[in-house]
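The values are calculated or read from the model by the stated rules, or taken from the named source; none is laboratory data. Everything quoted here is computed from the prediction, not taken from an experiment. Reconstructed Cβ throughout: ideal geometry from the backbone, glycine too, with neighbour counts over all protein chains shown.
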Amino acid sequence: MEREVLANHIEDYFLRDELLPKESRKYLRKSLAILNEPDESFNYFKKLAISLTNIECEEPKEVLRALRQLSISLWILYAWSRDEDNLESIYCACEFSLLRAWKVATPYFAGKKNVEKNIESTLNSIINLYHQLSDEYLQKVVHPHVGNLYALSSSINSHNSIDVNIKLFDILGRVAIHGLWSYSYLSKEYFLETESLMEGIRKQQDIIIQLINNNPLLMTPYKDEQAIDIFLAILFLSINRIVQ
């Protein structure tokens, strides 16, 4: 019922011509329609994000409009993804959209005009959604399996060891990025590395250690670019010098 109501509101309001460009409406509909195929769903949303942020005119009002449209589109995809209990598409979409939004918003950081402040505020809303989504992803996908040998590897829907390897390193990178974001935000909030802050960081570091110990495929990288995920994990584990 909730999804049906949401769908009706999208059709009646957000997908009208004046609120979302025709091409973007098409991509959003297709992304929502195939959530059970995360890669394809993400590819359509990726096209949406590019179409909205590929701004030739850099008028602040146009940038703000594009960022708001992107933010609302992300929240719609998030709502439907939660209903489908499948966060893969929205995770990739939010990650990619954040990078696109950051690129078009940065020229207006620290601006004094209202429109410039609203641009930064809209970007922050996308960042906050990314953090919320990251927390939910780790709670649902990673934490239930990370403490048991091979459990996370077995939860990956593939019998191909290469696919499992690639996905495990992807998860490793996601966990590490989440930890680095958490450390950055918490250290700014506390202004110094308090014991309570470091205790929370240590718990997140333990997740990475368990992830590696219980999934031996992480000892054998398959692709050169997996060095990025390894570096992110090492960087996060090096905080407070507790690499194990």
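Checked against (1) touching a Phe, Trp or Tyr at 6+ places or on another chain (Cβ under 8 Å); (2) more than 21 Å from HIS143 (Cα to Cα); (3) assigned to a helix (DSSP H, G or I), ASP229 meets all criteria but (2). For the stretch 74-124, the tally of residues that are under 18 Å from PHE45 (Cα atoms) and assigned to a helix (DSSP H, G or I) stands at 29.
Of the candidates SER196, SER184, SER158, SER154, the single residue that is under 18 Å from TYR137 (Cα atoms), free of Cβ contacts under 8 Å to residues at least 12 places away in the same chain and outside the structural domain of LEU87 (by TED's automatic domain parsing) is SER154. Applying the condition of being under 18 Å from ILE50 (Cα atoms) and among the aromatic types (Phe, Trp, Tyr) to the stretch 86-129 and asking which residue is surrounded by the most Cβ atoms within 10 Å (Cβ to Cβ) yields TYR91.
Among the candidates ILE228, ILE156, ILE171, the residue that is at pLDDT below 95 and under 20 Å from the mean Cα position of the chain (by Cα) is uniquely ILE156. For the subset of the stretch 13-43 comprising residues that are among the acidic types (Asp, Glu) and at pLDDT below 60, which member is surrounded by the fewest Cβ atoms within 10 Å (Cβ to Cβ)? The extreme case among them is GLU18.
Counting only helices (runs of 4 or more DSSP H) that sit wholly inside the stretch 139-191, those with at least 2 residues that are farther than 16 Å from ASN215 by Cα and not polar (S, T, N, Q) are 161-190. Considering only residues in the stretch 207-226 that are part of a loop (DSSP other than H, G, I, E, B) and in contact (Cβ under 8 Å) with a residue 40 or more places away in the chain, the one that is surrounded by the most Cβ atoms within 10 Å (Cβ to Cβ) turns out to be ASN215.
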